[in-house]
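Novice: First, the structure itself, so that you have it in front of you.
The values are calculated or read from the model by the stated rules, or taken from the named source; none is laboratory data. Just so it is clear, the model here is predicted, and its values are computed rather than measured. We place every Cβ from the backbone using ideal geometry, glycine too, and count neighbours over all the protein chains shown. The accessibility values were calculated without ligands, DNA or RNA, using every heavy atom of the protein model including side chains. Shrake-Rupley method; radii C 1.70, N 1.55, O 1.52, S 1.80 Å.
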Amino acid sequence: MRDSRVAIVTGAGRGIGAATARLLGNAGYAVCVNYRSDAASADKVVEELKGAGAKAIAVKADVSHEEDVVRMFEAVDRELGTPSALVNNAGILIQQMRVADMDAARINATLTTNVTGTLLCCREAVRRMSTQHGGPGGSIVNVSSVAARTGSPGEYVDYAASKGAVDTLTRGLAVEVAGEGIRVNGVRPGFIYTDMHASGGEPGRVDRLAASIPMKRGGTAEEIAQSIAWLLSDEASYVTGAFIDAAGGR
Ligand code: NAP
(Lines give C-alpha, C1' and ligand atoms only; values in the text may rest on other atoms or scores of the structure.)
Protein backbone atom coordinates (compact mmCIF):
# COMPACT_ATOMS: atom_id res chain seq x y z
CA MET A 1 0.00 0.00 0.00
CA ARG A 2 1.18 3.53 -0.81
CA ASP A 3 1.68 6.09 1.97
CA SER A 4 -0.86 8.89 1.79
CA ARG A 5 1.68 11.62 2.57
CA VAL A 6 4.72 11.72 0.35
CA ALA A 7 7.42 14.37 0.72
CA ILE A 8 10.33 15.31 -1.52
CA VAL A 9 13.15 17.15 0.28
CA THR A 10 15.84 18.45 -2.04
CA GLY A 11 19.43 18.57 -0.77
CA ALA A 12 18.55 16.23 2.09
CA GLY A 13 21.84 14.41 2.57
CA ARG A 14 22.99 16.81 5.26
CA GLY A 15 22.23 20.04 7.11
CA ILE A 16 18.74 21.53 7.11
CA GLY A 17 17.49 19.13 4.43
CA ALA A 18 18.56 16.02 6.39
CA ALA A 19 16.97 17.38 9.60
CA THR A 20 13.75 18.05 7.67
CA ALA A 21 13.72 14.59 6.08
CA ARG A 22 14.15 13.01 9.55
CA LEU A 23 11.37 15.11 11.07
CA LEU A 24 8.95 14.39 8.21
CA GLY A 25 9.78 10.67 8.24
CA ASN A 26 9.08 10.53 11.97
CA ALA A 27 5.80 12.40 11.37
CA GLY A 28 4.61 9.66 9.01
CA TYR A 29 5.61 10.92 5.57
CA ALA A 30 7.22 8.65 2.99
CA VAL A 31 10.32 10.69 2.11
CA CYS A 32 12.42 11.17 -1.01
CA VAL A 33 15.91 12.18 0.13
CA ASN A 34 17.37 14.05 -2.83
CA TYR A 35 21.10 14.69 -3.15
CA ARG A 36 23.49 15.96 -5.82
CA SER A 37 26.77 14.10 -5.24
CA ASP A 38 27.14 12.70 -1.71
CA ALA A 39 25.37 9.33 -2.01
CA ALA A 40 26.80 8.00 1.26
CA SER A 41 25.23 10.77 3.35
CA ALA A 42 21.86 10.47 1.61
CA ASP A 43 21.88 6.68 2.05
CA LYS A 44 22.62 7.16 5.75
CA VAL A 45 19.57 9.41 6.16
CA VAL A 46 17.43 6.86 4.31
CA GLU A 47 18.69 4.00 6.51
CA GLU A 48 17.93 6.03 9.65
CA LEU A 49 14.41 6.71 8.40
CA LYS A 50 13.81 3.09 7.51
CA GLY A 51 15.16 2.05 10.91
CA ALA A 52 12.55 4.31 12.50
CA GLY A 53 9.80 2.64 10.45
CA ALA A 54 9.42 5.24 7.71
CA LYS A 55 9.41 4.62 3.98
CA ALA A 56 12.29 6.45 2.28
CA ILE A 57 14.31 6.48 -0.92
CA ALA A 58 17.45 8.36 -1.96
CA VAL A 59 17.37 9.95 -5.43
CA LYS A 60 20.42 11.52 -7.05
CA ALA A 61 19.40 14.59 -9.06
CA ASP A 62 20.98 17.97 -9.66
CA VAL A 63 17.99 20.30 -9.29
CA SER A 64 19.51 22.75 -11.76
CA HIS A 65 19.23 20.10 -14.52
CA GLU A 66 15.74 19.83 -15.94
CA GLU A 67 16.05 16.18 -16.97
CA ASP A 68 17.29 15.24 -13.47
CA VAL A 69 14.30 16.94 -11.86
CA VAL A 70 11.83 15.21 -14.18
CA ARG A 71 13.51 11.86 -13.50
CA MET A 72 13.39 12.42 -9.73
CA PHE A 73 9.66 13.16 -9.71
CA GLU A 74 9.01 10.12 -11.92
CA ALA A 75 10.97 7.95 -9.47
CA VAL A 76 8.84 9.27 -6.61
CA ASP A 77 5.60 8.64 -8.55
CA ARG A 78 6.73 5.09 -9.13
CA GLU A 79 8.23 4.21 -5.77
CA LEU A 80 6.33 6.29 -3.20
CA GLY A 81 3.25 7.74 -4.91
CA THR A 82 2.11 11.25 -5.80
CA PRO A 83 4.00 13.82 -3.74
CA SER A 84 1.86 15.86 -1.35
CA ALA A 85 4.77 17.90 0.02
CA LEU A 86 7.85 19.49 -1.55
CA VAL A 87 10.67 21.18 0.33
CA ASN A 88 12.94 23.15 -1.98
CA ASN A 89 15.95 23.13 0.30
CA ALA A 90 18.89 22.48 -2.06
CA GLY A 91 20.99 25.60 -2.25
CA ILE A 92 24.57 26.68 -2.69
CA LEU A 93 26.79 29.60 -1.90
CA ILE A 94 30.33 30.06 -3.21
CA GLN A 95 33.53 31.62 -1.80
CA GLN A 96 32.99 34.99 -0.12
CA MET A 97 33.93 37.90 -2.39
CA ARG A 98 32.81 41.33 -3.47
CA VAL A 99 30.64 41.78 -6.56
CA ALA A 100 33.60 43.52 -8.23
CA ASP A 101 35.42 40.16 -8.29
CA MET A 102 32.59 37.86 -9.45
CA ASP A 103 32.45 36.23 -12.89
CA ALA A 104 29.43 34.99 -14.84
CA ALA A 105 30.21 31.30 -14.23
CA ARG A 106 29.98 31.78 -10.49
CA ILE A 107 26.85 33.93 -10.62
CA ASN A 108 25.10 31.49 -12.96
CA ALA A 109 26.05 28.48 -10.81
CA THR A 110 24.37 30.13 -7.84
CA LEU A 111 21.28 31.20 -9.77
CA THR A 112 20.70 27.93 -11.60
CA THR A 113 20.75 25.85 -8.42
CA ASN A 114 18.96 28.26 -6.10
CA VAL A 115 16.42 29.79 -8.51
CA THR A 116 16.07 27.57 -11.61
CA GLY A 117 16.21 24.44 -9.45
CA THR A 118 13.49 25.72 -7.14
CA LEU A 119 11.25 26.72 -10.07
CA LEU A 120 11.72 23.39 -11.87
CA CYS A 121 10.81 21.40 -8.76
CA CYS A 122 7.80 23.68 -8.18
CA ARG A 123 6.70 23.04 -11.76
CA GLU A 124 6.82 19.26 -11.40
CA ALA A 125 5.03 19.45 -8.03
CA VAL A 126 2.26 21.70 -9.36
CA ARG A 127 1.69 19.38 -12.33
CA ARG A 128 0.99 16.57 -9.86
CA MET A 129 -0.69 18.39 -6.96
CA SER A 130 -2.95 20.95 -8.66
CA THR A 131 -6.66 20.19 -8.70
CA GLN A 132 -6.63 21.83 -12.13
CA HIS A 133 -4.43 18.92 -13.29
CA GLY A 134 -6.62 16.35 -11.49
CA GLY A 135 -4.30 16.23 -8.46
CA PRO A 136 -5.23 16.13 -4.76
CA GLY A 137 -3.54 19.39 -3.70
CA GLY A 138 -0.40 19.74 -1.62
CA SER A 139 2.04 22.01 0.11
CA ILE A 140 5.38 23.49 -0.93
CA VAL A 141 7.99 25.15 1.29
CA ASN A 142 10.88 27.04 -0.26
CA VAL A 143 13.99 27.56 1.87
CA SER A 144 15.13 31.13 1.41
CA SER A 145 17.44 33.06 3.74
CA VAL A 146 17.62 36.23 5.81
CA ALA A 147 20.18 37.14 3.13
CA ALA A 148 17.18 38.00 0.93
CA ARG A 149 16.60 40.93 3.31
CA THR A 150 20.18 41.83 4.23
CA GLY A 151 21.85 41.38 0.80
CA SER A 152 25.04 39.79 2.25
CA PRO A 153 27.37 42.69 1.39
CA GLY A 154 31.05 41.74 1.13
CA GLU A 155 30.19 38.02 1.30
CA TYR A 156 27.88 36.80 -1.48
CA VAL A 157 25.48 39.33 -2.94
CA ASP A 158 24.75 36.82 -5.75
CA TYR A 159 23.52 34.29 -3.20
CA ALA A 160 21.42 36.92 -1.43
CA ALA A 161 19.90 37.97 -4.77
CA SER A 162 19.04 34.34 -5.54
CA LYS A 163 17.17 34.14 -2.24
CA GLY A 164 15.35 37.38 -3.05
CA ALA A 165 14.19 35.64 -6.22
CA VAL A 166 13.09 32.63 -4.15
CA ASP A 167 10.95 34.94 -2.00
CA THR A 168 9.39 36.53 -5.08
CA LEU A 169 8.62 33.23 -6.79
CA THR A 170 7.18 31.89 -3.53
CA ARG A 171 4.76 34.79 -3.34
CA GLY A 172 3.83 34.64 -7.03
CA LEU A 173 3.33 30.89 -7.17
CA ALA A 174 1.35 30.92 -3.91
CA VAL A 175 -1.23 33.27 -5.43
CA GLU A 176 -1.14 31.48 -8.80
CA VAL A 177 -2.14 28.10 -7.28
CA ALA A 178 -4.06 29.22 -4.17
CA GLY A 179 -7.35 28.16 -5.75
CA GLU A 180 -5.95 24.78 -6.82
CA GLY A 181 -5.39 23.19 -3.41
CA ILE A 182 -1.69 24.05 -3.14
CA ARG A 183 -0.12 26.20 -0.43
CA VAL A 184 3.32 27.70 -1.06
CA ASN A 185 5.33 29.27 1.74
CA GLY A 186 8.90 30.19 2.60
CA VAL A 187 11.28 29.86 5.53
CA ARG A 188 14.14 32.33 5.90
CA PRO A 189 16.82 30.82 8.15
CA GLY A 190 19.40 33.05 9.78
CA PHE A 191 22.88 31.79 10.72
CA ILE A 192 22.56 28.02 11.12
CA TYR A 193 25.25 25.52 12.14
CA THR A 194 25.76 23.48 8.94
CA ASP A 195 28.61 22.69 6.53
CA MET A 196 27.39 25.35 4.10
CA HIS A 197 29.58 28.09 5.58
CA ALA A 198 32.70 26.11 4.68
CA SER A 199 31.67 26.50 1.01
CA GLY A 200 31.95 30.25 1.50
CA GLY A 201 35.47 29.77 2.90
CA GLU A 202 34.55 30.40 6.55
CA PRO A 203 33.50 27.27 8.48
CA GLY A 204 33.40 29.25 11.75
CA ARG A 205 31.12 32.00 10.36
CA VAL A 206 28.18 31.31 12.67
CA ASP A 207 30.31 31.63 15.81
CA ARG A 208 31.90 34.84 14.49
CA LEU A 209 28.49 36.40 13.94
CA ALA A 210 26.67 34.96 16.98
CA ALA A 211 27.13 38.10 19.07
CA SER A 212 25.37 40.18 16.41
CA ILE A 213 22.24 37.99 16.56
CA PRO A 214 19.60 39.35 18.98
CA MET A 215 19.26 35.90 20.59
CA LYS A 216 23.09 35.74 20.82
CA ARG A 217 23.43 32.32 19.22
CA GLY A 218 23.30 30.52 15.89
CA GLY A 219 20.41 28.21 15.07
CA THR A 220 20.29 24.48 14.48
CA ALA A 221 19.11 22.58 11.42
CA GLU A 222 16.46 20.95 13.62
CA GLU A 223 15.01 24.35 14.56
CA ILE A 224 14.61 25.23 10.87
CA ALA A 225 13.09 21.82 10.14
CA GLN A 226 10.35 22.52 12.73
CA SER A 227 9.26 25.68 10.88
CA ILE A 228 9.29 23.84 7.53
CA ALA A 229 7.25 20.93 8.91
CA TRP A 230 4.67 23.27 10.43
CA LEU A 231 4.17 25.15 7.16
CA LEU A 232 3.73 21.82 5.35
CA SER A 233 1.23 20.53 7.90
CA ASP A 234 -2.55 20.85 8.01
CA GLU A 235 -2.09 23.05 11.08
CA ALA A 236 -1.04 25.76 8.61
CA SER A 237 -4.08 25.13 6.38
CA TYR A 238 -4.93 28.84 5.95
CA VAL A 239 -1.31 29.99 5.48
CA THR A 240 -0.02 30.60 1.98
CA GLY A 241 2.34 33.11 0.39
CA ALA A 242 3.82 33.64 3.86
CA PHE A 243 7.32 33.53 5.34
CA ILE A 244 8.76 32.45 8.66
CA ASP A 245 11.96 34.25 9.63
CA ALA A 246 13.76 31.64 11.75
CA ALA A 247 16.75 33.80 12.52
CA GLY A 248 16.97 34.51 16.24
CA GLY A 249 15.56 38.01 15.80
CA ARG A 250 17.56 39.17 12.80
P1 NAP B 1 24.47 22.36 3.22
O2 NAP B 1 24.80 21.78 4.55
O3 NAP B 1 25.57 22.94 2.39
O4 NAP B 1 23.72 21.22 2.38
C5 NAP B 1 23.30 21.51 1.09
C6 NAP B 1 22.62 20.30 0.51
O7 NAP B 1 22.12 20.67 -0.80
C8 NAP B 1 23.54 19.12 0.30
O9 NAP B 1 22.84 17.96 0.67
C10 NAP B 1 23.83 19.13 -1.21
O11 NAP B 1 23.97 17.85 -1.77
C12 NAP B 1 22.55 19.71 -1.73
N13 NAP B 1 22.67 20.36 -3.03
C14 NAP B 1 23.48 21.40 -3.37
N15 NAP B 1 23.32 21.70 -4.67
C16 NAP B 1 22.40 20.83 -5.15
C17 NAP B 1 21.82 20.63 -6.42
N18 NAP B 1 22.16 21.39 -7.46
N19 NAP B 1 20.91 19.64 -6.56
C20 NAP B 1 20.56 18.87 -5.51
N21 NAP B 1 21.07 19.01 -4.27
C22 NAP B 1 21.99 19.98 -4.12
O23 NAP B 1 23.36 23.48 3.32
P24 NAP B 1 22.38 23.95 4.49
O25 NAP B 1 23.10 24.93 5.33
O26 NAP B 1 21.71 22.79 5.12
O27 NAP B 1 21.35 24.81 3.63
C28 NAP B 1 20.12 24.31 3.17
C29 NAP B 1 19.30 25.47 2.63
O30 NAP B 1 19.15 26.46 3.65
C31 NAP B 1 19.96 26.19 1.44
O32 NAP B 1 18.96 26.55 0.51
C33 NAP B 1 20.56 27.43 2.08
O34 NAP B 1 20.68 28.48 1.16
C35 NAP B 1 19.55 27.71 3.16
N36 NAP B 1 20.09 28.54 4.25
C37 NAP B 1 21.11 28.06 5.04
C38 NAP B 1 21.60 28.88 6.06
C39 NAP B 1 22.71 28.46 6.97
O40 NAP B 1 23.16 29.29 7.77
N41 NAP B 1 23.18 27.22 6.91
C42 NAP B 1 21.06 30.15 6.23
C43 NAP B 1 20.05 30.58 5.40
C44 NAP B 1 19.56 29.76 4.43
P45 NAP B 1 25.42 17.10 -1.92
O46 NAP B 1 25.99 17.05 -0.55
O47 NAP B 1 25.10 15.76 -2.48
O48 NAP B 1 26.24 17.96 -2.84
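Novice: On a C-alpha basis, how far is the centre of region 51-74 from the centre of region 106-169 in Å? Whole number, if you could?
Specialist: First find each Cα centre; the distance between them is then 17 Å.
Novice: Take T168, T20, T116 and sort them by solvent-accessible surface of the protein heavy atoms, 1.4 Å probe, largest at the top.
Specialist: Output order, biggest surface exposure first: T168, T116, T20.
Novice: Further, regarding this structure: Report, by chain and number, residues whose modeled amide H sits under 5 Å from the one on D245, excluding near sequence neighbours (fewer than 5 apart, same chain).
Specialist: HN-HN under 5 Å from D245: R188.
Novice: Also, I was wondering about something else. At what distance in nm do the modelled label points of Q132 and E235 sit from each other, each positioned 7 Å from its Cα along Cα→Cβ?
Specialist: About 3.1 nm, to one decimal.
Novice: In degrees from 0 to 90, rounded to the nearest 10, what is the angle of the helix 39-51 Cα long axis to the longest principal axis of the chain?
Specialist: Here the helix axis deviates by roughly 50 degrees.
Novice: Next question, about the same structure. So, with +1 on the Cβ of K and R and -1 on the Cβ of D and E, and no other charges, what is the size of the charge dipole of the chain about its Cα centre, to the nearest 20 debye?
Specialist: 360
Novice: Here's a follow-up. Can you tell me the relative contact order of the chain? Whole percent, Cα pairs under 8 Å, sequence separation 6 or more.
Specialist: Normalised by residue count, the contact order of the chain is 19 percent.
Novice: Follow-up. Compute the distance from the alpha-carbon center of region 3-37 to that of region 208-231, in whole Å.
Specialist: Here the two parts' Cα centres lie 19 Å apart.
Novice: Of the lysine pairs in region 6-246, how many meet both conditions: Cα atoms under 30 Å apart, and a spacing of 8 or more in sequence or different chains?
Specialist: For region 6-246, qualifying lysine pairs total 6.
Novice: How far is helix 66-79 tilted off the main Cα axis of the chain, in degrees rounded to 10, range 0 to 90?
Specialist: 40
Novice: Let me ask something else. For region 76-135, what relative contact order do you get, as a whole percent, if you take Cα pairs closer than 8 Å and at least 6 residues apart? Provide the component values of the computation, followed by the final result.
Specialist: Values: 29 pairs, mean separation 23.4, N = 60.
Normalised by residue count, the contact order of region 76-135 is 39 percent.
Novice: Keeping all protein chains in place and using 1.4 angstrom, which order do H133, H65 fall into by accessible surface area, from largest down?
Specialist: H133, H65
Novice: Any idea of the accessible area per residue across region 6-246, 1.4 Å probe, to the nearest Å²?
Specialist: Values: 10090 Å² over 241 residues.
Per-residue accessible area for region 6-246 comes out at 42 Å².
Novice: Which angle between 0 and 90 degrees, to the nearest 10, do you get for helix 117-129 versus the longest principal axis of the chain when only C-alpha atoms count?
Specialist: Computed tilt is about 20 degrees.
Novice: Same structure, new question: Can you compute the helix-only [θ] at 222 nm over the chain? Use -39500 (n - 2.57) per DSSP H run of at least 4 residues, normalise by all residues, nearest 500 deg cm²/dmol.
Specialist: Computed mean residue ellipticity for the chain: -12500 deg cm²/dmol.
Novice: Roughly speaking, to the nearest percent, how much of the chain's 1.4 Å accessible area is carbon and sulfur?
Specialist: 53
Novice: So what is the relative contact order for region 1-132, in percent, with contacts set as C-alpha pairs under 8 Å and at least six apart?
Specialist: Relative contact order here is 26 percent.
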